[in-house]
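The values are calculated or read from the model by the stated rules, or taken from the named source; none is laboratory data. Just so you know, these numbers come straight off a predicted model, no measurement behind them. With ideal geometry, Cβ positions are generated from the backbone for all residues, glycine too; neighbour counts draw on all protein chains shown.
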Amino acid sequence: MGKINYRKFIRAMRENGADGALTIGDYADDGVAYLWLPIPFLPPVYFLLKPEDVHELLVKYGDQAEKMELVARVARSTFGNGILFSNGARWKRQRKLMQPVFHHMHIKAYGERMVAIAEDHIAHWNANSTLDLAHEMHNITLRIVVDTLFSSDVTGAMGEIRQAIEDVGAGFAAQASSPILALMPDWFPIPALRQKRRGAKTFNEVLQSLITERRTLGEANSPQDLLSALMYSKDAETGEMMDAEQLRNELLTLYVAGHETTAWLLSWSLAFLAQNPQAAEKLCAELESLAGKSPSIDDLARLPYSKMVLQETLRMRPPVWFIQRQTHEEIHINGHTYPKNASFTIIIYANHHNPDIFPEPRVFKPERWENDAEKRLPKGAYLPFATGQRICIGNGFAMMEAQLLLNLFMQRFQITLLDEPQIKKGTPIILGFDKPVRVQVTPR
């Protein structure tokens, strides 16, 4: 078990972002490294690099390894006890209530609306116009998540909502990069926390208005969207429903997480395809089977290359590129004993760039996913949606949306990069571009 040099590690992260995290391998001994934070009384953070160790932590010890209390506390002031940051019995109850909402047959009903919203948006892309790639993807996925959650059009409020997301994200990013800031209460009068509070206030106002309007309609007259599904979902054993506060917490979690990660997955996918014309041509050739028809849910099974492009993008640029856990009892993994309250960080980005599992890890090769290759990988090697009991509840929804939209964009436009995409520096919560990336879109 090797000790990480804190100053060198932080400098590498600050200068190179997620690539800086790959330096953990230089310190690891037997696939494990640990880092002492410069704060009294805080225990070390353990980094597990071996896929089998990661799998054991997240699967075998799934009940004992929960979200880190410090991370949960930072998030709780904004997201409350939503499913993303809650633990224990509360998390299990919420997961049980929400799981049926994301059943495959349920989410299939949203596919047609997703494509219709995307088509409406790209109808405004003029020939040879220059666009901010990530900005466009965020606007489209935001419209989709609001439509699927609330059956509402937020075009007029798009700027306000985007600003709220940026405010909350900036506050979290600041706290993620500074343990001292993470320990401060949210009311502390500094710019980053003030910005975070401002974004949360905007979300609360928007969500409360939508919830109040829906309750007024009643179940019989409510549209069939995720808000109705969550509002009227009942525990099969107890008949319990979510109270108003819990409903707000879950909606906010889905609201933010439901579009941010998909937007970055699409942004990176389109950037990689623009950089790799052979892959783009192969995807477009596959799309010729649609004979000009917009892609639908029923078409996805015969468009496997687009899924492979997304799988490879998730390998190279996983939007959620690290996850953290804390154990509430002593555990044993691969000959190492970890004490009660041990903290773990799993660098998904590092797992996905392991050359022993993914040869030429910096090369974009969708073909590496042919013939269901994902099923043959070592457990714990590929974690775009985590694994174990806390695997992302919306992974099927996200992949369906991303595959539909990627096929639509590539069917309609040739995309040319005007800027070189670079990963964001520091320790962002979501792995995006470091600077805006402009593209030129040309109708096919």
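A few notes on this one:
- Residue selected from region 82-106 under the condition surrounded by 20 or more Cβ atoms within 10 Å (Cβ to Cβ) and in contact with a Ser or Thr (Cβ under 9 Å, 6 or more places away or on another chain), by the criterion farthest from Lys293 (Cα to Cα): Phe85
- Residues within region 109-134 that are within 20 Å of the chain's Cα centre (by Cα) and among the basic types (Lys, Arg), tallied: 0
- Test: Thr337 is out of contact with any strand residue (DSSP E or B) (no Cβ under 6 Å at 6 or more places or on another chain), over 18 Å from Met400 (Cα atoms) and of a type in the set (Val, Ile, Thr): yes
- Remark: pairs (first residue in region 63-77, at positive phi and surrounded by fewer than 18 Cβ atoms within 10 Å (Cβ to Cβ); second residue in a loop (DSSP other than H, G, I, E, B) and at pLDDT below 80; Cβ separation under 6 Å; 6+ apart in sequence or on different chains) are absent.
- Any pair with Cβ under 8 angstrom, 6 or more apart, that starts in region 239-264 at a residue that is assigned to a helix (DSSP H, G or I) and ends at one that is of a type in the set (Asp, Glu) and buried (at least 21 other Cβ atoms within 10 Å of the Cβ): Thr262/Glu401
- Test: residue in region 24-43 that is over 23 Å from the mean Cα position of the chain (by Cα), at positive phi and surrounded by fewer than 15 Cβ atoms within 10 Å (Cβ to Cβ): yes
- Those helices (runs of 4 or more DSSP H) lying entirely in region 118-214 with at least 1 residues under 30 Å from Leu418 (Cβ atoms) and without any contact (Cβ under 8 Å) to a residue 60 or more places away in the chain: 133-150, 158-176
- Tally, over region 270-282, of residues that are surrounded by 22 or more Cβ atoms within 10 Å (Cβ to Cβ) and either out of contact with any Phe, Trp or Tyr (no Cβ under 9 Å at 6 or more places or on another chain) or farther than 14 Å from Gly432 by Cβ (or both): 1
- Within region 184-194, the residues that satisfy the criterion of being surrounded by 14 or more Cβ atoms within 10 Å (Cβ to Cβ) and closer than 19 Å to Val71 by Cβ are Met184, Asp186, Ala192, Leu193.
- Taking the criterion of being under 21 Å from Gln64 (Cβ atoms) and in contact with a Ser or Thr (Cβ under 8 Å, 6 or more places away or on another chain), the only residue of region 380-411 that qualifies is Gly380.
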